[in-house]
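Heads up: the structure comes next, in structure tokens.
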Amino acid sequence: MFTKAVSQGKKVLFPNGYPGPPPVEPTPEEQILIREQLEERLCSLVPPIATKLLFGPHLGTQRRTVRGIIDPL
């Protein structure tokens, strides 16, 4: 029973019999672009009135606040 479960799990995780290649690490320029897109996305997901209350009245202030929130991550 246990070996059958392990075998099924292996087939689910590795359908071709072995793990795929590791993901490609983004370049520093791509990392900056991805980070900026994340900041914009987070600001756009919050309604405008709540954005002004939570992140600040101006776009620059809002971006700095969001950047400060995601920096520890």
*Treating cross-link reach as a plain straight distance, find the aspartates and glutamates whose alpha-carbon is under 16 Å from the alpha-carbon of Lys52, omitting any fewer than eight places away in the same chain.*
Glu39, Glu40
*Quick one: net charge around Glu39, please, counting Lys, Arg +1 and Asp, Glu -1 for every other residue with C-beta under 12 Å from its C-beta.*
+2
_Options Pro72, Gly9, Gly20, ranked by Cα towards positive dipole end of the chain, top entry (Cβ charges)_ = Gly9
*Mind sorting out which of (1) 16, 31, 20, 14, 11, 6, 2; (2) 15, 16, 14, 12, 11, 10, 8, 6, 5, 3, 1, 0; (3) 16, 28, 15, 17, 17, 6, 0 is the real P(r) over Cα pairs in 10 Å bins from 0, in percent computed from the coordinates?*
(3)
_Assigned charges on the beta-carbon of Lys, Arg, Asp, Glu; the chain dipole about Cα centre (debye)_ = 400
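Read the figures in this text as sums done on the coordinates, not as results from a lab. All values derive from a computational prediction rather than experimental measurement. Note: ideal-geometry Cβ built from the backbone for every residue, glycine included; neighbour counts use all protein chains shown.
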